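**Student:** Got a structure here, written out as structure tokens. Questions coming.
The values are calculated or read from the model by the stated rules, or taken from the named source; none is laboratory data. Since the structure is predicted, the reported quantities are computational estimates derived from the model, not experimental observations. Reconstructed Cβ throughout: ideal geometry from the backbone, glycine too, with neighbour counts over all protein chains shown. Please note that ligands, DNA and RNA were not included when accessible areas were found on the heavy atoms of the full protein model with its side chains. Shrake-Rupley method; radii C 1.70, N 1.55, O 1.52, S 1.80 Å.
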Amino acid sequence: MLNSPSNVSTRPKDAAQMRPPALAWRGLSVSPPGASKPVLRDVSGEIARGRIVAFVGPNGAGKTTFFRALVGLARFQGEIDVHGRPWREARWRVQMGFQPPAASFVGQTVEEELAVAIAARAAHLGHPAPDRRALQSEIHEWLQTVGLRVQPDRPVDALSGGEMAKLAVAGALASGADVLLMDETQAELDPDARSAMRAVFRRLAQTGRTVLLVTHDMDDVLAADAIVVVKGGAMREPMSPRAFFYGRDGHAPCDDLGFAAPYLVQAARRIREATGADFAPLTEDEFVEGWRRAVAGEIGDSRARKGADSVEHLV
Amino acid sequence: MKSATLARGKVPILSNISFEASAGEWIVLVGRNGSGKSTLLDALAGVSQPVAGEIGYRAPAGATDVRRTYLPQAPERLLIATSAADEFAASLRMPSADLRRGWGEWVVPQLAPFGLGHLQPDDLPSRMSTGMQRKFVYAMALARPGEVLLCDEPTSGLDAPSRAELLAEIARFVQQGGLAITALHDLDEALFSATRVLALAHGRLVFDGTPQAFAESAASLERDGVPLPPSVRLALAIASAGGPKPGLCRPEDLAARLLASPAVQDGARCSEEALGQEAGPVPAAAAASSELASAAMEMPPPEAGAESRVGAFHPALRWLSLTAITIAIALVHRPAGDLVAVLATLALLAALRAPLRTSLRLTWTWVSFAALACAVSGLQLGPPFHTRWAFHAATAKHTLLEVVPYWCFLQIGQLALARFSSLQFAALVEATLARIVPRRQRLVASWFGALVTRFIPAVEVIYREQWYAYRVRLQNAGRLLSTSRVLVDVANVIAPFVIRMLRFGEATADAMEARRLFEVPPPSALLPGWRVRGRDLAVMAMALVSIALLVWTH
């Protein structure tokens with residue numbers, strides 16, 4: 001099992017011809033410096049453009065190692081393609097968020113930090129550096145993109161944790177990256193800031209960026225498009241959040257990994273067991289809608305099973 | 001706690017907070033970030049004092065005082081970078097040898113519930129991952145927590161099993177008669193074990209009641225700006241879609257309730273008004289308190305104004321002037337020269353708008369140094385060193401004249417340092433080396449300069465945090481900072497500080513490498529133009545006149 005190649009793909013089959021995936025890796029083995037044997041062994045897979053993919057698994061499974069290899073901080077064997085181009089040519093399109101974010105800032109103020117990122121993009125693409133006015137308006141745009149409402153001359157050390165996280169994302173985007181790797185960058189944020197970051201990631205995905213998350217927060221996993229389980233140096237096929245939390249035939253991967261299912265999922269599972277309906281909501285709205293239209297209808301109405309069909313296309 | 005007002009620095013955060021709590025209670029503090037939970041916990045722990053009002057603890061019968069254990073956010077800061085056994089010994093004030101002897105029977109059972117049962121007495125907790133360090137600190141604190149346990153976001157950054165274990169440990173502590181007060185975002189589980197919820201918003205206490213009442217008043221709490229945990233949000237969404245009213249129930253009970261109560265098909269409004277009037281939250285005082293809250297939210301960036309105003313001076317010319325005048329002062333040792341040096345420094349301080357507080361602090365440092373130096377040089381101690389006691393005023397005066405320039409150096413140092421932004425410095429290095437040094441080495445030098453400038457404030461932040469953490473740690477162990485142990489105390493702050501700096505630096509190096517910044521010239525478009533303006537010339541002229549006067553006195 002451990003030595004068999006793992007395959008990961010989040011690409012819808014019919015779209016395969018249209019655009020190359022944001023990331024594709026073949027026969028990838030990574031040994032971080034100091035490790036006696038590779039942490040990831042011969043894994044292959046790809047991630048389509050515009051997706052949010054959560055990587056979950058026990059500590060030491062190789063999630064962080066995978067991310068570090070993608071940004072050139074860990075040596076690897078095998079091939080990586082970024083948007084269909086070899087990694088060496090296109091690696092600047094992949095950027096990673098570091099913890100603590102304050103440690104990755106070089107500029108002293110918000111605008112200085114973004115100016116550095118913009119200069120980096122210009123240098124990697126061989127473009128001339130923008131002048132003052134172009135720079136200022138571009139900085140303003142990036143601040144809006146990530147929803148960071150602070151004065152550009154604000155010192156980076158005076159930002160709150162949530163603002164720092166947004167600035168780190170803005171910096172990565174400004175440096176030309178459209179594949180973002182977030183290695184537990186939200187772990188230290190409060191729930192409000194975490195849900196704000198989820199909204200930022202969703203907006204970025206809608207505009208064609210790809211976001212890879214390593215997270216232990218089950219709410220992040222609920223909001224992802226696909227989940228990749230990394231365990232013992234191998235990667236499993238990506239699955240939908242629904243499959244991860246509700247599983248097939250009452251056997252959910254979430255429980256196998258020892259993660260506590262969120263409250264909403266726990267309540268929904270009970271209703272599912274009691275009614276036999278395909279009730280698998282991922283958000284509050286889905287929960288309420290599904291319950292109102294079908295599950296409660298099924299019990300309130302004496303025509304018992306009739307509502308169950310309507311749930312399937314609903315949730 | 002009686003009508004206390006709490007502040008952080010000079011910014012008021014919470015006003016008129018009153019509550020009483022007794023043993024056997026588990027109080028959960030709820031509120032947005034910046035709503036004052038940490039400020040309240042700091043005050044309850046005795047790390048900070050209320051601006052007004054009072055906080056008191058009544059010891060139980062038969063005891064002399066109430067022992068408190070406080071675990072602030074990022075509790076791994078509390079570690080003092082020594083072996084596991086010594087960490088425990090410092091916390092429990094026990095000889096390290098005793099702990100090593102009883103490791104298997106006594107310490108391992110404390111660590112095992114957190115998955116740290118494999119630790120040996122000589123393992124270094126500071127080498128573990130942040131999550132493991134946190135678990136270790138909690139295991140250590142819960143080994144002998146005293147009567148009151150104060151925790152700030154204890155579950156943050158922990159994996160699911162450790163979270164559950166930690167909440168179970170707190171529940172156990174409360175059952176055994178302890179008082180626990182915890183700020184907590186992860187409420188879904190804790191609401192079932194906690195006995196009381198305090199919600200903070202707009203600088204005030206907006207709710208004080210049981211978890212049941214908290215869940216029932218969800219609608220009005222949401223209007224007050226209190227963040228609701230996912231379970232309560234779901235209950236609220238169900239209620240507003242015509243389902244059962246929000247209340248505190250476990251997922252299986254919620255499912256049972258939903259299955260039992262048929263949904264109103266066409267979404268009859270379970271109106272928010274009706275819900276809001278049900279329970280009795282403390283009404284939020286609107287005007288005054290929201291002002292307070294907005295003051296708290298918009299923490300003014302420290303010295304940002306001063307920074308940009310001073311930044312308007314030409315950095316290179318300013319630096320040149322200051323360096324030239326420093327050299328001139330160093331070469332002149334005459335009373336008249338000292339007078340000129342002091343006057344010139346005062347003029348520069350005023351012209352470059354140095355912060356008064358810093359100038360006074362430096363002056364105070366210099367005064368203590370000067371007094372000591374004069375005393376040492378002028379004093380003749382008497383037998384057995386000398387035949388008789390005497391004080392040589394002339395020698396002391398000579399020494400005073402010798403040390404006057406040091407006051408100038410301190411103040412000029414203040415002006416020269418820290419007034420470059422990191423990009424300014426990088427661009428300056430890049431421009432200076434442009435013709436002399438090959439591109440690759442020049443870029444490395446520029447970015448290195450930027451990093452050094454950038455990390456002066458960062459280092460200061462980490463250092464202050466480490467001192468705060470150490471004060472908390474001493475307080476938990478029931479000790480105070482004492483002069484007799486000052487060396488140990490400083491070592492206990494410096495060692496973890498250095499380790500944190502190293503980790504910080506590692507992350508920086510990784511980020512620089514991943515961004516490949518060493519191939520990028522530092523951007524200069526944002527910087528003020530290298531145009532020389534009137535005030536730059538004025539500063540230059542001031543420096544030149546001072547230097548001329550200094551030379552003349554020579």
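**Student:** Using only the alpha carbons of the stretch B:107-185, determine the length spanned along each of the three principal axes and report them from longest to shortest in whole angstroms.
**Tutor:** 33, 25, 18
**Student:** Which of the peptides B:343-350, B:373-380 is most tightly packed, and how do the rest follow, going by the mean number of other Cβ atoms within 10 Å of each residue? Please report the intermediate quantities before stating the final value.
**Tutor:** Values: B:343-350: 17.1, B:373-380: 15.2.
Highest to lowest by the protection proxy: B:343-350, B:373-380.
**Student:** Sticking with this one: Order the peptides A:191-198, B:93-100 from the highest to the lowest mean number of other Cβ atoms within 10 Å of their residues. Could you put the intermediate results ahead of the total?
**Tutor:** Values: A:191-198: 18.5, B:93-100: 14.1.
Output ranking for A:191-198, B:93-100: A:191-198, B:93-100.
**Student:** While we're looking at this one, here's another question. Looking at the stretch B:61-150 from every direction and averaging, what is the projected area of its Cα convex hull in nm²?
**Tutor:** Values: hull surface 25.1 nm².
Answer in nm², one decimal: 6.3.
**Student:** Show me, bin by bin at 10 Å from 0, the whole-percent P(r) of the stretch B:319-471 based on Cα pairs.
**Tutor:** 10, 24, 26, 22, 13, 4, 1
**Student:** What order, most packed first, do the peptides B:61-70, B:544-553 have when packing is the mean number of other Cβ atoms within 10 Å of each residue? Present the calculation step by step, with values, prior to reporting the outcome.
**Tutor:** Working: B:61-70: 13.7, B:544-553: 16.3.
Most protected by this proxy first, the peptides run B:544-553, B:61-70.
**Student:** Oh, and also: Pulled fully out, how much extra length does the chain show between B:Phe192 and B:Val51, if you take 0.36 nm times their separation in residues and subtract their Cα-Cα distance? Kindly include the intermediate steps, with their values, before the conclusion.
**Tutor:** Numbers: separation 141, 0.36 × 141 = 50.76 nm, distance 3.45 nm.
Computed gain between B:Phe192 and B:Val51 is 47.3 nm.
**Student:** Oh, and also: I want to verify the translational diffusion coefficient of the stretch B:435-553 in µm²/s; compute it with Stokes-Einstein, Rh as the Kirkwood radius over Cα pairs, at 10 °C and 1.306 mPa s.
**Tutor:** Details: Rh = 19.2 Å.
Calculated translational D: 83 µm²/s.
**Student:** Now for a different question. If you place +1 on the Cβ of every Lys and Arg, -1 on the Cβ of every Asp and Glu, and leave all else neutral, what size is the dipole of the protein assembly as shown about its Cα centre, to the nearest 20 Debye? Before the final figure, lay out each step's value.
**Tutor:** Values: 90 positive and 85 negative charges, 522 e Å.
Here the size comes out at about 2500 debye.
**Student:** In Å², rounded to the nearest 100, what is the total accessible surface buried by chains A and B against each other with a 1.4 Å probe? Let's see the in-between values first.
**Tutor:** Working: alone 16060 and 29240 Å², together 39850 Å².
Looking at A and B, the buried total is near 5400 Å².
**Student:** Now a separate question. May I ask for log10 I(q)/I(0) of the stretch B:448-507 at q = 0.14, 0.19, 0.23 Å⁻¹, from a Debye sum over the Cα atoms as equal point scatterers with solvent left out?
**Tutor:** Log-scaled intensity ratios, in q order: -0.47, -0.74, -0.94.
**Student:** While we're on this one: Compute a Gaussian network model of chain A, connecting alpha carbons closer than 10 Å, and tell me which residue from A:Trp87, A:Trp291, A:Trp142 fluctuates the most.
**Tutor:** A:Trp291
**Student:** Between B:Thr323 and A:Asp285, what FRET efficiency follows from the Cβ-Cβ distance if R0 is 51 Å, with the result rounded to 0.05?
**Tutor:** Working: r = 65 Å, r/R0 = 1.28.
FRET efficiency, B:Thr323 to A:Asp285: 0.20.
**Student:** Can you tell me the accessible area per residue over chain A, all protein chains present, probe 1.4 angstrom, in square angstrom? All intermediate terms of the calculation are to be shown ahead of the outcome.
**Tutor:** On the way: 13310 Å² over 315 residues.
Accessible area per residue, chain A: 42 Å².
**Student:** Please find, in a Gaussian network model of chain A (springs between Cα atoms separated by less than 10 Å), the residue of A:Asp131, A:Asp217, A:Asp178 whose mean-square fluctuation is greatest.
**Tutor:** A:Asp131
**Student:** Considering the convex hull of the alpha carbon atoms of chain B, report its projected area averaged over all viewing directions, in nm², one decimal. Intermediate results must be reported in sequence, preceding the final value.
**Tutor:** Working: hull surface 153.4 nm².
For chain B, the mean projected area of the Cα convex hull comes to 38.3 nm².
**Student:** Separate question: Under a crude label model (7 Å from the Cα following the beta-carbon direction), how far is B:Phe448 from B:Ala431 in nanometres?
**Tutor:** For the pair B:Phe448/B:Ala431, the computed spacing is 2.2 nm.
**Student:** Also, quick follow-up: For the stretch B:463-511, which trypsin sites (Lys or Arg not before Pro) are both in a DSSP coil and crowded by at most 12 other Cβ atoms within 10 Å? Write out the running numbers ahead of the final one.
**Tutor:** Values: sites: B:Arg464, B:Arg471, B:Arg473, B:Arg479, B:Arg485, B:Arg500, B:Arg503; in loops: B:Arg479.
Passing both the DSSP loop test and the Cβ count: no residue.
**Student:** Can you give the average number of partner chain beta-carbon atoms within 10 Å of each beta-carbon in peptide A:88-99, as a whole number?
**Tutor:** Numbers: counts 0, 0, 0, 2, 3, 0, 1, 3, 4, 2, 7, 3.
Across the residues of A:88-99, the mean count of other-chain Cβ atoms within 10 Å is 2.
**Student:** Tell me which residues come under 5 Å, amide H to amide H, from A:Leu40 once H is placed; ignore anything under 5 positions away on its chain.
**Tutor:** The list, which skips near neighbours in sequence, is A:Val30.
**Student:** Taking the Kirkwood radius as the inverse of the mean 1/r across Cα pairs, report the Rg/Rh of the stretch A:76-150. Provide the component values of the computation, followed by the final result.
**Tutor:** Working: Rg = 14.8 Å, Rh = 14.4 Å.
Taking Rg over the Kirkwood Rh, I get 1.03.
**Student:** Across peptide A:264-272, what mean number of C-beta atoms from other chains lies inside 10 Å of a residue's C-beta?
**Tutor:** Numbers: counts 8, 1, 7, 14, 5, 3, 9, 7, 1.
Across the residues of A:264-272, the mean count of other-chain Cβ atoms within 10 Å is 6.
**Student:** Express in nm, to one decimal, how much length is gained between B:Ala23 and B:Ser368 on full extension, taking 0.36 nm for each residue of separation and deducting their alpha carbon distance.
**Tutor:** On the way: separation 345, 0.36 × 345 = 124.20 nm, distance 4.91 nm.
Answer, rounded to one decimal: 119.3 nm.
**Student:** What is the gain in length, in nm to one decimal, between B:Glu222 and B:Gln120 on full extension, counting 0.36 nm per residue of separation less the C-alpha to C-alpha distance?
**Tutor:** Working: separation 102, 0.36 × 102 = 36.72 nm, distance 4.78 nm.
Extra length available between B:Glu222 and B:Gln120 comes to 31.9 nm.
**Student:** Test of understanding: in a Gaussian network model of chain A with alpha carbons linked when under 10 Å, which of A:Pro262, A:Pro20, A:Pro128 would top the mean-square fluctuation ranking?
**Tutor:** A:Pro128
**Student:** Partner chain Cβ atoms within 10 Å, averaged over the residues of A:111-119 - can you pull that number for me?
**Tutor:** Across the residues of A:111-119, the mean count of other-chain Cβ atoms within 10 Å is 6.
**Student:** Set the Förster distance to 41 Å, then compute FRET efficiency between B:Val532 and A:Leu125 from the Cβ-Cβ distance, nearest 0.05.
**Tutor:** Details: r = 35 Å, r/R0 = 0.85.
Once the sixth-power term is evaluated, E becomes 0.75.
**Student:** In whole Å, what three semi-axes, largest first, describe the equivalent ellipsoid of the stretch A:53-95 built from its Cα gyration tensor (square root of 5 times each eigenvalue)?
**Tutor:** Values: eigenvalues 86, 26, 16 Å².
Largest first, the stretch A:53-95 gives 21, 11, 9 Å.
**Student:** Now a separate question. Quick one: work out Rg over Rh on the C-alpha atoms of the stretch A:12-102, Rh as Kirkwood radius. Walk me through the intermediate numbers first.
**Tutor:** Working: Rg = 13.7 Å, Rh = 14.1 Å.
That ratio is 0.97, to two decimals.
**Student:** Okay, moving on. Can you compute 3J(HN,Hα) from phi for each residue in the stretch B:150-165, using the Karplus curve 6.51 cos²θ - 1.76 cosθ + 1.60 with θ = phi - 60°, rounded to whole Hz and x for Gly and Pro?
**Tutor:** 10, 10, 10, 6, x, 8, 5, x, 9, 7, 4, x, 5, 4, 4, 5
**Student:** Still on this structure: Cα convex hull of the protein assembly as shown: how many Å³ per residue? The partial results should precede the final answer.
**Tutor:** Working: hull volume 195.0 nm³, N = 869.
Dividing the Cα hull volume of the protein assembly as shown by its residues yields 224 Å³.
**Student:** Now for a different question. Binning at 10 Å from 0, report for chain A what percent of all alpha-carbon pair distances ends up in each bin.
**Tutor:** Result returned by the calculation: 6, 24, 30, 23, 12, 4, 1, 0.
**Student:** Grab the beta carbon distance between B:Leu343 and A:Ala134, set R0 = 51 Å, and tell me the FRET efficiency rounded to 0.05.
**Tutor:** Working: r = 47 Å, r/R0 = 0.91.
The pair B:Leu343/A:Ala134 has a calculated efficiency of 0.65.
**Student:** Okay, next question. Which semi-axis lengths, in whole Å and largest first, follow from the square roots of five times the eigenvalues of the Cα gyration tensor of the stretch A:48-196? Don't jump to the answer; show the numbers that get you there.
**Tutor:** On the way: eigenvalues 130, 90, 31 Å².
For the stretch A:48-196, the ellipsoid semi-axes come out as 26, 21, 12 Å.
**Student:** Could you point to the residue in A:Gln77, A:Ala274, A:Met235 farthest towards the positive end of chain A's charge dipole, with +1 and -1 charges on the Cβ of Lys/Arg and Asp/Glu respectively?
**Tutor:** The residue sitting most towards the positive pole is A:Gln77.
**Student:** Here is a further query. With a point put 7 Å past each Cα toward its Cβ, work out how far A:Ser160 is from B:Val108 in nm, to one decimal.
**Tutor:** It is 4.6 nm.
**Student:** Also: Considering just Cα atoms, how many Å³ per residue does the convex hull of the stretch A:189-293 enclose?
**Tutor:** On the way: hull volume 13.3 nm³, N = 105.
Measuring per residue, one finds 127 Å³ for the Cα hull of the stretch A:189-293.
**Student:** Which whole-number value in Å³ per residue fits the convex hull of the alpha carbons of the stretch B:2-125?
**Tutor:** 162
**Student:** Report the local net charge at B:Ala59: Lys and Arg +1, Asp and Glu -1, summed over other residues whose C-beta lies under 9 Å from its C-beta. Let's see the in-between values first.
**Tutor:** Values: positive: B:Arg58; negative: B:Asp65, B:Glu147.
Residues close to B:Ala59 contribute a combined charge of -1.
**Student:** For the residue pair B:Ile499 and A:Gln77, what label-to-label distance in nm results when each label sits 7 Å from Cα along the Cα-to-beta-carbon direction?
**Tutor:** Using points 7 Å along Cα→Cβ, the separation is 3.6 nm.
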